[in-house]
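The values are calculated or read from the model by the stated rules, or taken from the named source; none is laboratory data. Nothing here was measured: the structure is a model prediction, and the numbers come from that model. Methodologically, a virtual Cβ is constructed for each residue, glycine included, from the backbone with ideal geometry; neighbour enumeration extends over all protein chains shown.
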Amino acid sequence: MYRRGQRWLGIICCFVLFILVFLLLHLGVPGRFMTTDHMELGCLFFVLPGAIASFVAKEEKVVGPLAGALLALPLCLVLAHTSLTPVRAFWQEVAWLFSAVFWTSLGSLGFLLVTMLLRRSAGTKKPAR
């Protein structure tokens, strides 16, 4: 059994990292990202919050990052249309954010695939004689 706070660790980690990547892409940090002018390529950076949150999560390695990204989505949408200069129309921003949630989930699934492959290869090693 694990503590109650550890259940939320993956969700909170993905929530914070999702918002951080969103802000870095929307603020257009010059010289930091190669995709400053191309927001479509910037969606690939959303793989990182999913993979990191999946690494941090104890049991919910896919659902936790997905929940964190879905919880961060409304906050990012409000930030995009109130404090930041709107880059796109409202519905385009919603579609872009849902694609960011997809890439975050893909990052968590990719991390899960890599860990399963590493466990499988570690289990099939032949003992040295």
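Below, the figures for the structure above:
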{"read-out": "Helices (runs of 4 or more DSSP H) contained entirely in region 1-98, each with at least 1 residues that are more than 20 Å from T115 (Cα to Cα) and at pLDDT 90 or above", "value": "9-27, 63-82"}
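Residue-wise test of (1) touching a Gly at 6+ places or on another chain (Cβ under 9 Å); (2) surrounded by 15 or more Cβ atoms within 10 Å (Cβ to Cβ); (3) closer than 19 Å to F98 by Cβ; (4) of a type in the set (D, E).
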site	(1), (2), (3), (4)
P49	yes, yes, yes, no
S54	yes, yes, no, no
K58	yes, no, no, no
L75	no, no, yes, no
A80	no, yes, yes, no
